[in-house]
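Structure first, commentary second.
The values are calculated or read from the model by the stated rules, or taken from the named source; none is laboratory data. For clarity, every value in this text was computed on a predicted model and none was experimentally measured. Don't worry about glycine lacking a Cβ; one is built from the backbone with ideal geometry, like all the others, and counts go over all protein chains shown.
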Number of protein chains: 2
Amino acid sequence: MTARPDSPSSAPPLTERQEARRRRILDATVELARRGGFGAVQMREVADSADVALGTLYRYFPSKIHLLVAVLRDRLEGLRETLHERPPGGREPGARVVEALTRAFRALREEPRLTEAMVRAFTFADRSAGAEVEAVSRLTTAIVLDAVGRQGPPPPELLSVVRVVEHTWHSALIGWLSGRCSGEQVYGDIKTVCELIPAETPGGAHR
Amino acid sequence: MTARPDSPSSAPPLTERQEARRRRILDATVELARRGGFGAVQMREVADSADVALGTLYRYFPSKIHLLVAVLRDRLEGLRETLHERPPGGREPGARVVEALTRAFRALREEPRLTEAMVRAFTFADRSAGAEVEAVSRLTTAIVLDAVGRQGPPPPELLSVVRVVEHTWHSALIGWLSGRCSGEQVYGDIKTVCELIPAETPGGAHR
DNA sequence: GCCGTCCTTGAAACTTGTTCCAGATTAACG
DNA sequence: CGTTAATCTGGAACAAGTTTCAAGGACGGC
């Protein structure tokens, strides 16, 4: 459906120039979003900045929402790599997740407008952006599960806990963006929700 | 504490005809949203259905977002009254909250398109709709605290837990609307997060 | 009842996301 | 190369949220 850079499945490969175009579009989007948030990401502007025609922009990303969710995905992939390089060092799974999310939030706070643009797009997305949203969702889950550090396939209760952590994460961000929650409350809520994460089982297989 | 439907504070009182107009607008909005969700709530349509001029609609509700959040607020007030009449009957605070939210979700499932319209508006709202969003937020908190059944002013840890419950509630709804979570998962996540709610303290003041 | 003020109306204009199209460019293949 | 299909471009056109404005109506104070 949409062209993807890294998913070799289900998409015709892009030529080098196409890859470059795609990258220019994403970069232009980030730049505009950084400056003025969701509202400043105007499709004509993006197209101009990226030196592509409007129609081309829409061929690559079928809507503003798709575009911004793709940026979010990009960023999350970066975050995941960072966390891989310097993994959180807590002793308990809950503490590691707190650290991972806290670090993520610290990074997001540095660029509040970009964050606003990505998060608003993500939460506003409807089913038409299902694939992209799904990808972001899976990535977030993967990041949290990485921090939990469990080896085998997670049992359903753990998955529900992880979903609740993610819910809190997303919604706390929204609350923070709309001025309803302070940054301190976000940190606190992350800590609170992570108490749901069960401690490492001493008998079971662990790191 | 919470502003009543027609908050007597900080707003000039409306004449009877103005009150009627406001009500017509809200009713027309609900009707359109019920039929076609967020997208079907078009400002010109709303104005036509409610028999007011477009400019008047915008005087009452400065944006589509404000309008739909006001509808949400209206509904939440109704929900709160319902819960007052037939309060959840669980023995523990957590169980009561689960029941309250479960009943709410059951009601929302009956009118998915209306739900979609309200929730998307709420999560998309930015600071310009701060007041309305704040009202909805306070109402939600009040509903959860009602179910918790605590008497005095809640301590900060409890408030953080309640916020996490609300985060989960909102974000699970979004996930459900965007097809990412099943209804069963929503129920499960509500139950999971409510485990954070501390049990009734036998020594303290209780019902 | 009269007057000044605020409210409502109808309609046009403006903004920005999205779609469409005809012609130019590029890539793939023989 | 030459051909053919796909892609890209510039630009117009459309859709829906929002703004603006002049003229008529409602309301409260006198």
Exercise. Is it the case that some residue within the range A:149-158 is within 11 Å of chain B (Cβ to nearest Cβ) and surrounded by 17 or more Cβ atoms within 10 Å (Cβ to Cβ)?
Worked result: yes
For this session: Out of A:Glu111, A:Glu92, report the one residue that is at pLDDT 95 or above, more than 16 Å from A:Glu166 (Cα to Cα) and more than 16 Å from DNA strand C (Cβ to nearest atom).
Result: A:Glu111
Exercise. Between a first residue in the range B:48-74 that is among the charged types (D, E, K, R) and a second residue that is more than 9 Å from DNA strand D (Cβ to nearest atom), which pairs have beta carbons less than 8 Å apart while being 6 or more apart in sequence or on different chains?
Worked result: B:Asp51/B:Arg24; B:Lys64/B:Ala121; B:Arg73/B:Glu132; B:Arg73/B:Ala135; B:Arg73/B:Val136; B:Arg73/B:Leu139; B:Asp74/B:Pro5; B:Asp74/B:Leu26
Problem set entry | Test result for B:Leu177, at pLDDT below 95 and closer than 26 Å to A:Leu158 by Cα | yes
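Looking at this structure, is A:Arg44 touching a residue at least 40 places away in the same chain (Cβ under 8 Å) and more than 16 Å from the chain's Cα centre (by Cα)?
So A:Arg44 does not fit the description; no.
Return the residues of the range B:120-132 that are buried (at least 22 other Cβ atoms within 10 Å of the Cβ) and either away from chain A (no Cβ under 13 Å) or part of a helix (DSSP H, G or I) (or both); say none if nothing qualifies.
Matches in the range B:120-132: B:Arg120, B:Ala121, B:Phe122, B:Thr123, B:Ala129, B:Glu132.
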Exercise. Given the structure, is A:Leu67 farther than 25 Å from A:Phe105 by Cβ and either within 16 Å of DNA strand C (Cβ to nearest atom) or not small (Gly, Ala, Ser) (or both)?
Worked result: no
Seminar exercise, completed: Of the residues in the range A:156-171, those that are more than 13 Å from B:Gly175 (Cβ to Cβ) and touching a His at 6+ places or on another chain (Cβ under 7 Å) number 0
Problem set entry | the range A:138-151 residues that are farther than 10 Å from A:Ala100 by Cβ, paired with ones that are of a type in the set (Asp, Glu) (beta carbon under 9 Å, 6 or more apart) | A:Leu139/A:Glu77; A:Thr140/A:Glu166; A:Thr141/A:Glu166; A:Gly149/A:Glu200; A:Arg150/A:Glu200
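For the range A:168-184, how many residues are facing another protein chain (nearest Cβ under 7 Å) and in a helix (DSSP H, G or I)?
Looking only at the range A:168-184, we keep the residues that are facing another protein chain (nearest Cβ under 7 Å), and these are A:168, A:170-172, A:174, A:178-180.
When the remaining residues are screened for being in a helix (DSSP H, G or I), the result is A:168, A:170-172, A:174.
Within the range A:168-184, residues that are facing another protein chain (nearest Cβ under 7 Å) and in a helix (DSSP H, G or I) number 5.
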For this session: Quick one: count up the residues across the range A:45-81 that are exposed (fewer than 14 other Cβ atoms within 10 Å of the Cβ) and of a type in the set (Val, Ile, Thr).
Result: 0
Exercise. In the range B:119-130, what count of residues is obtained for those that are over 19 Å from B:Gly37 (Cβ atoms) and either of a type in the set (Asp, Glu) or within 14 Å of the chain's Cα centre (by Cα) (or both)?
Worked result: 1
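Looking at B:Ala107, is it hydrophobic (A, V, I, L, M, F, W, C), more than 14 Å from every other protein chain (Cβ to nearest Cβ) and closer than 17 Å to B:Arg73 by Cβ? Walk me through how you get there before you give the answer.
Working: hydrophobic (A, V, I, L, M, F, W, C): yes; more than 14 Å from every other protein chain (Cβ to nearest Cβ): yes; closer than 17 Å to B:Arg73 by Cβ: yes.
Yes.
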For this session: Would you check if A:Leu196 is at pLDDT below 95, under 16 Å from A:Glu92 (Cα atoms) and surrounded by 17 or more Cβ atoms within 10 Å (Cβ to Cβ)?
Result: yes
Exercise. Any idea how many residues of the range A:53-104 are of a type in the set (Gly, Ala, Ser), under 23 Å from A:Ile190 (Cα atoms) and either more than 14 Å from every other protein chain (Cβ to nearest Cβ) or within 16 Å of DNA strand D (Cβ to nearest atom) (or both)?
Worked result: 6
Seminar exercise, completed: Here the residues within the range A:133-150 that are part of a loop (DSSP other than H, G, I, E, B) and not charged (D, E, K, R) are A:Gly149
Exercise. Can you name every residue in the range B:29-52 that is farther than 14 Å from B:Glu111 by Cα and either of a type in the set (D, E, K, R) or away from DNA strand D (no atom under 13 Å from the Cβ) (or both)?
Worked result: B:Arg44, B:Glu45, B:Asp48, B:Ala50, B:Asp51
For this session: Would you mention how many residues in the range A:39-62 are of a type in the set (Asp, Glu) and either touching a strand residue (DSSP E or B) at 6+ places or on another chain (Cβ under 8 Å) or farther than 21 Å from A:Thr15 by Cβ (or both)?
Result: 2
